[in-house]
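**Q** Take a look at the following structure, please.
Read-outs: derived from the displayed coordinates by stated rules, not from any lab. Given the structure is predicted, the values throughout are model-derived calculations rather than measurements. Ideal geometry is used to build each Cβ from the backbone, glycine not excepted, and the neighbour counts take in all protein chains shown.
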Amino acid sequence: MTAQSDRSKIRRLPDRGSYDQATIYDILDEALICHVGFVDDAGLPVVIPTIHARVGNVLYLHGSPASRMLRSLRAGRQVSVAATILDGLVLAKSQFHHSMNYRSVVVFGSAREVKDEDEKALAFQAIVEHLVPGRSEGSRPANDKETKATAVAAIDIEEASAKQRSGPPVDDDADIELPYWAGVIPLTLAPGEPESTGTVSPPDHVGEWKSRR
Ligand SMILES: Cc1cc2nc3c(=O)[nH]c(=O)nc-3n(C[C@H](O)[C@H](O)[C@H](O)COP(=O)(O)OP(=O)(O)OC[C@H]3O[C@@H](n4cnc5c(N)ncnc54)[C@H](O)[C@@H]3O)c2cc1C
């Protein structure tokens, strides 16, 4: 993977880029959603946000068989997937140097429809585990009807890149003494208190997710 062709070559600020597989996988695994870019049946580009899960070098997406995204991916189209984790707002003295701290990944690959029942079950499990580790044991697996009613696409990752920014703003020397506040507002995804539906108490994996984030 990460065969670095021109399409995955990071051009601007390449020092922020990486093709390291572990870095790419970590970002894909931590990001809760991704955005899938593809060309639809009408030949027009579209980007759709969705849930994903990674198993080895494969990204799984799922949804209604009627969805435009799943219909297009079934046809084996080339896709690009972006996943982003926002870590902070970077406020510089100059508006020009305002930025964000982030970890992001861009993936390229071709999609295939998953028809094999075992691979479908693996994808469902991975998607639920990606949401909350431990959840596949804490909920009912899809039955035959639900499995048939759900389309699954696999994207074999052909190339990928990561890009990351961290740290304080970088102002021009001439601006350092300006009387404006500069710094970083850190951002994290912060879960609230679990709100139970029904009478079952939240299991350990729910509490663990809350403290992990
Ligand atoms: C939260 C966030 C906010 C950003 N805000 C801006 C902004 O306001 N303006 C702006 O110009 N840029 C912004 N960027 C950076 C942006 O994602 C691109 O990196 C940037 O546009 C440089 O593109 P390029 O023309 O050099 O490369 P492109 O030709 O667009 O990209 C070439 C290849 O480099 C890789 N690549 C490019 N960007 C990324 C990335 N972010 N993550 C992983 N791989 C990547 C991909 O494989 C891509 O195909 C932001 C990124 C993030 C995550």
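**Q** Among 90-102, 60-72, 131-143, what's the highest-first ranking by average C-beta atoms within 10 angstrom per residue?
**A** Highest mean packing first, the order is 60-72, 90-102, 131-143.
**Q** Per 0.36 nm of contour for each residue apart, how much would the distance between S201 and D144 grow if the chain were fully extended, relative to their Cα-Cα spacing?
**A** Stretched out fully, the S201 to D144 stretch lengthens by 17.7 nm.
**Q** A further question on this structure: Under a straight-distance cross-link criterion of Cα-Cα below 20 Å, which lysines are reachable from K148, leaving out those fewer than 8 residues away in the same chain?
**A** The reachable lysines, counting only those whose Cα sits under 20 Å from K148, are K115, K120.
**Q** Taking the chain as a Gaussian network, Cα atoms linked when under 10 Å apart, which of E117, E193, E158 shows the biggest mean-square fluctuation?
**A** E193
**Q** Can I ask one more? Hey, what do the phi angles of the stretch 31-43 turn into as Karplus ³J(HN,Hα) couplings, whole Hz, using 6.51/-1.76/1.60 and θ = phi - 60°, x for Gly and Pro?
**A** Result, rounded to whole Hz: 5, 7, 9, 9, 10, 9, x, 7, 9, 7, 4, 7, x.
**Q** What's the extension gain from I33 to T188 if we count 0.36 nm per residue and subtract their Cα-Cα distance?
**A** This chain segment gains 54.3 nm when fully extended.
**Q** Moving to a separate point now. In terms of the ratio Rg/(2.2 N^0.38 Å) built on C-alpha atoms, what value belongs to the chain?
**A** After normalising by residue count via 2.2 N^0.38 Å, the value is 1.19.
**Q** So if I take the centroid of the Cα atoms in the stretch 163-195 and the same for the stretch 1-78, what is the distance between those two points in Å?
**A** 27 Å
**Q** Hey, another quick one. Equivalent ellipsoid semi-axes for the stretch 38-108, as square roots of 5 times the alpha carbon gyration tensor eigenvalues: give them largest first, rounded to whole Å.
**A** 32, 15, 10
**Q** Determine the sum of side-chain charges near H97: Lys and Arg each +1, Asp and Glu each -1, restricted to other residues whose C-beta is under 10 angstrom from that of H97.
**A** Local net charge: -2.
**Q** Can you give the Rg to Rh ratio for the stretch 1-70, taking only C-alpha atoms and Rh from Kirkwood?
**A** On the Cα set of the stretch 1-70, Rg over Rh gives 1.00.
**Q** When the chain is fully extended, how far beyond the present Cα-Cα distance does K115 get from A82, taking 0.36 nm per residue of separation?
**A** 9.4 nm
**Q** What does the charge dipole of the chain about its Cα centre add up to, to the nearest 20 debye, if the Cβ of each Lys and Arg holds +1 and the Cβ of each Asp and Glu holds -1?
**A** 560 debye
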